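Here the structure comes first, spelled out in structure tokens, and everything after it is commentary.
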């Protein structure tokens with residue numbers, strides 16, 4: 001068989017495109033930045049690539065509608081074309097379709113924002129949300145990336161992943177988002193044990209000072225952890241007794257969604 005771009009070469013595996021990998025790193029840098037606007041030099045520093053390469057890549061992405069340049073600063077951010085690429089996956093997601101009515105019910109019952117997240121091997125990613133009726137609501141955009149150690153959704157996945165995956169994530173430096181963020185691996189492992197024991201995770205001002213999150217696992221047909229359902233509330237509306245109450249609501253919603261997906265883990 002002739003050797004081509006999609007061929008394999010013995011044990012070496014498929015040949016990868018370094019340019020395409022660099023382009024993906026550019027998009028990930030823009031997606032994960034605290035500031036949605038990044039300049040070419042900053043992107044280059046973040047991904048360890050020469051600025052001339054980054055400049056060519058962002059120019060291509062801009063032409064294709066995946067990034068856009070802010071006119072005043074000349075810095076770049078993700079554009080709507082990224083959502084257009086992902087939307088067929090989001091719209092046709094079995095778990096999203098199954099969870100949607102329960103998200104709306106949970107948001108109405110809890111009177112807070114209900115969310116749905118999936119795992120991408122590095123962190124949780126927000127897939128959908130339903131807003132409660134209150135005037136003050138927490139909002140997270142679809143596609144937002146959620147830290148595995150400081151968010152309730154991330155903690156659920158981290159608590160139930162393999163030992164090797166958990167050790168890999170905990171071996172890197174964990175970002176302290178607030179004074180309450182747990183960044184010491186031993187303490188975080190204790191917290192994750194509580195997640196498994198009580199059936200839901202809590203982020204009490206650990207990702208942002210203003211928000212409290214509670215999340216529980218959703219299991220699929222074969223008993224796999226397919227997604228996480230959560231409730232996020234302003235901290236001033238979430239004292240300890242309220243967290244316990246929301247934990248029960250989230251756990252019930254997760255159980256009902258799991259049943260709808262055909263799981264026997266309930």
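Structural remarks
- Only one entry in 185, 239, 217, 234 is in the same structural domain as residue 101 (by TED's automatic domain parsing), more than 22 Å from residue 128 (Cβ to Cβ) and surrounded by 14 or more Cβ atoms within 10 Å (Cβ to Cβ), namely 185.
- Checked against the criterion of being in a helix (DSSP H, G or I), in contact with a helix residue (DSSP H, G or I) (Cβ under 7 Å, 6 or more places away or on another chain) and either without any contact (Cβ under 8 Å) to a residue 60 or more places away in the chain or in the same structural domain as residue 253 (by TED's automatic domain parsing) (or both), the range 112-127 contains not a single residue that satisfies it.
- Options 144, 124, 117, 140: the member that is under 11 Å from the mean Cα position of the chain (by Cα), at pLDDT below 95 and within 22 Å of residue 244 (Cα to Cα): 117
- Evaluation of residue 157 against the conditions (1) farther than 27 Å from residue 221 by Cα; (2) assigned to a helix (DSSP H, G or I); (3) modelled with pLDDT of 95 or more shows that the sole unmet condition is (1).
- Flag for residue 145 being surrounded by fewer than 21 Cβ atoms within 10 Å (Cβ to Cβ), closer than 21 Å to residue 86 by Cβ and in contact with a helix residue (DSSP H, G or I) (Cβ under 7 Å, 6 or more places away or on another chain): yes
- Consider the range 74-99 and keep the residues that are modelled with pLDDT of 90 or more and assigned to a loop (DSSP other than H, G, I, E, B). The one that is nearest to the chain's Cα centre (by Cα) is 75.
- Inside the range 167-184, residues that are touching a helix residue (DSSP H, G or I) at 6+ places or on another chain (Cβ under 7 Å) and at pLDDT 95 or above make up a count of 1.
- The single condition among (1) surrounded by fewer than 21 Cβ atoms within 10 Å (Cβ to Cβ); (2) touching a strand residue (DSSP E or B) at 6+ places or on another chain (Cβ under 8 Å); (3) farther than 18 Å from residue 118 by Cβ that residue 225 does not satisfy is (3).
- The single residue among 246, 189 that is assigned to a helix (DSSP H, G or I) and touching a residue at least 40 places away in the same chain (Cβ under 8 Å) turns out to be 246.
- Residue in the range 250-262 that is part of a strand (DSSP E or B) and either closer than 17 Å to residue 138 by Cβ or not assigned by TED's automatic domain parsing to the domain that holds residue 114 (or both) present: no
- Single residue of the range 1-27 satisfying the filter (in contact with a strand residue (DSSP E or B) (Cβ under 9 Å, 6 or more places away or on another chain) and at pLDDT 90 or above) that is nearest to residue 142 (Cα to Cα): 27
The values are calculated or read from the model by the stated rules, or taken from the named source; none is laboratory data. Predicted, not measured: the structure shown is a model, and the values here were computed from it. Cβ coordinates were reconstructed from backbone atoms using ideal geometry, including for glycine residues, and neighbour counts include every protein chain displayed.
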